[in-house]
Amino acid sequence: MKDKLHFNSATIHGGQAPDKGYGAVMPPIYQTSTYAQTTPGGHQGFEYSRTHNPTRQALEKSLASIEAGNYGFAFGSGLAAMDAVLKLLKPGDEIISTDDLYGGSYRLFTKIFEDFGLKFHFVPMSNTAAIADAITEKTKLIWVETPTNPMMNVIDIKAVVELVQDKDIWVAVDNTFASSYIQQPLTMGADIVMHSATKYLAGHSDVVLGALVVNDAKLAERIGFIQNASGAICGPMDSFLTLRGIKTLHVRMERHCKNAATIAHFLNENSKIDKVYWPGFEFHPNHEVAKKQMYGFGGMLSFVTKGADYAAAIKIVERLKLFTLAESLGGVESLAGHPASMTHASIPKELREKSGVVDALIRLSVGIEDVRDLIADLEQAIG
Ligand SMILES: *Cc1c(COP(=O)(O)O)cnc(C)c1O
């Protein structure tokens with residue numbers, strides 16, 4: 001019955017029931033590494049907390065529930081979750097991903113897994129034909145990130161899924177930017193959905209955690225094996241915090257979307273601003289795809305000030321008072337970032353600029369404050 005809950009109930013009840021021990025309504029933090037056995041193997045489903053932990057299990061069920069999937073897995077970070085996906089592959093396998101990928105993902109791919117014999121192709125994935133051109137006999141995984149960070153390009157998930165329909169290729173979607181509220185890739189035919197739950201799912205900038213959700217039992221078994229064998233799990237306290245965050249995901253996301261829309265329009269009408277990247281604009285090149293696959297346009301946007309260079313962009317982010325200059329996104333508080341020197345510093349400048357991440361680009365994670373205060377802050381900082 002729980003499986004059939006609407007999204008706004010799944011966030012609160014998905015995978016959760018009052019605790020059997022004392023009836024605790026909230027899943028207790030089972031801060032234990034091991035579990036008593038009455039006889040060898042005589043336990044209640046929990047032996048050792050790398051393998052299973054009741055708090056983490058409650059979170060994993062919640063994650064599956066909000067992504068409309070069958071199996072959830074929680075990891076110590078978003079990158080640890082991605083690391084587990086890449087371990088499904090073997091030397092010689094090829095992966096196609098987007099050319100404006102999150103910097104940490106790019107680093108994991110090229111600086112770690114290339115050394116293990118995996119081959120990565122980075123293409124402009126909002127152009128489906130570019131993906132088709134990069135597919136070879138050896139392609140095993142297409143890693144989609146949409147909307148992309150920080151250019152807010154939108155990749156057509158269904159089109160990617162159709163591309164590989166008769167092929168032995170997994171489609172994985174990094175759903176961090178949209179969150180499960182706005183986009184559910186498994187319902188569009190993707191095989192794997194990944195989250196940096198550090199961002200919108202936990203939502204309060206107080207935890208680092210990663211997630212995977214899949215539908216296929218065999219794939220789930222393999223990921224579960226890797227999760228236990230490699231051991232990049234999250235602890236019970238972080239699982240608890242993420243569970244608590246997820247309970248308000250739908251109400252937070254509504255406000256994130258609303259505030260971001262207001263700010264996008266404010267910036268777009270401001271004579272000092274050159275470009276605003278936000279998928280809600282009709283003139284956004286992927287607006288139609290965004291309308292089709294997203295329930296709302298999210299809380300993220302980027303902009304470029306007219307005539308600004310590296311130094312001018314830095315000045316603007318330094319002048320912001322209510323927006324905190326910081327890495328990360330998706331918390332209740334508004335954050336500003338300068339991708340060229342922060343999140344995307346690990347991507348070579350030439351490659352970075354080719355995808356639009358110019359020195360003057362500023363990225364905003366719009367929080368859920370009163371939008372009038374946020375606009376006043378932007379006004380004084382842009383000058
Ligand atoms: C933050 C982020 C990651 C990495 O997640 P961590 O929890 O920091 O390891 C991956 N993808 C995107 C889009 C992100 O924003």
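When both the stretch 158-194 and the stretch 232-305 are represented by their alpha-carbon centers, they are found 19 Å apart.
Return the carbon/sulfur percentage of the accessible area of the chain, one whole number, probe 1.4 Å, all protein chains in place. Of the solvent-accessible surface of the chain, carbon and sulfur hold 53 percent. Projected onto its three principal axes, the C-alpha set of the stretch 2-246 covers 57, 39, 33 Å, listed from the longest axis down. The accessible area of LEU301, taken with all protein chains in place and a 1.4 Å probe, comes to roughly 0 Å².
Ordered by 1.4 Å accessible area with all protein chains kept, SER205, SER179 run largest first as SER205, SER179.
Entry comment: accessible area of the stretch 2-246 is 43 Å² per residue, from protein heavy atoms only and a probe of 1.4 Å. The residues of the stretch 309-383 expose, per residue, 43 Å² of accessible area to a 1.4 Å probe.
Only Cα sites of the stretch 233-383 enter the Debye sum here, all with the same form factor; the resulting log10 I(q)/I(0) across q = 0.08, 0.14 1/Å is -0.24, -0.73, listed in q order. DSSP finds beta bridges in the chain, and of those with both partners inside it, around 55 percent are antiparallel. Segment ASP19..MET237, full-extension length gain: 76.9 nm, with 0.36 nm per residue of separation and the alpha-carbon distance subtracted. Of SER196, SER341, SER33, the residue with the largest accessible area leads and the full order is SER33, SER341, SER196 (1.4 Å probe). Note on the stretch 210-264: semi-axes of the ellipsoid equivalent to its C-alpha gyration tensor, largest first and rounded to whole Å, are 32, 15, 10.
For the chain, what relative contact order do you get, as a whole percent, if you take Cα pairs closer than 8 Å and at least 6 residues apart? Reported as a whole number, the value is 17 percent.
Distance from the alpha carbon centroid of the stretch 102-151 to that of the stretch 53-77 works out to 26 angstrom. Of the DSSP H helices in the chain, those with a Cα length along their own long axis of 27 Å or more and a mean Kyte-Doolittle hydropathy reaching -0.5 comprise 249-268. ASP373 contributes about 90 Å² of solvent-accessible surface, heavy atoms of the protein only, 1.4 Å probe.
Once the chain from THR38 to ALA345 is taken as fully extended at 0.36 nm per residue, the excess over their C-alpha distance is 105.1 nm.
Pairs from the table (LYS61/LYS258; LYS87/LYS138; LYS258/LYS306; LYS111/LYS218; LYS90/LYS218; LYS111/LYS138) lying more than 27 angstrom apart at Cα are LYS61/LYS258; LYS111/LYS218.
Of GLU162, GLU353, the residue with the largest accessible area leads and the full order is GLU162, GLU353 (1.4 Å probe).
The values are calculated or read from the model by the stated rules, or taken from the named source; none is laboratory data. What you see is a predicted model, and the numbers here were worked out from it, not measured in a lab. Side chains included, ligands, DNA and RNA excluded: accessible areas come from the protein's heavy atoms. Shrake-Rupley method; radii C 1.70, N 1.55, O 1.52, S 1.80 Å.
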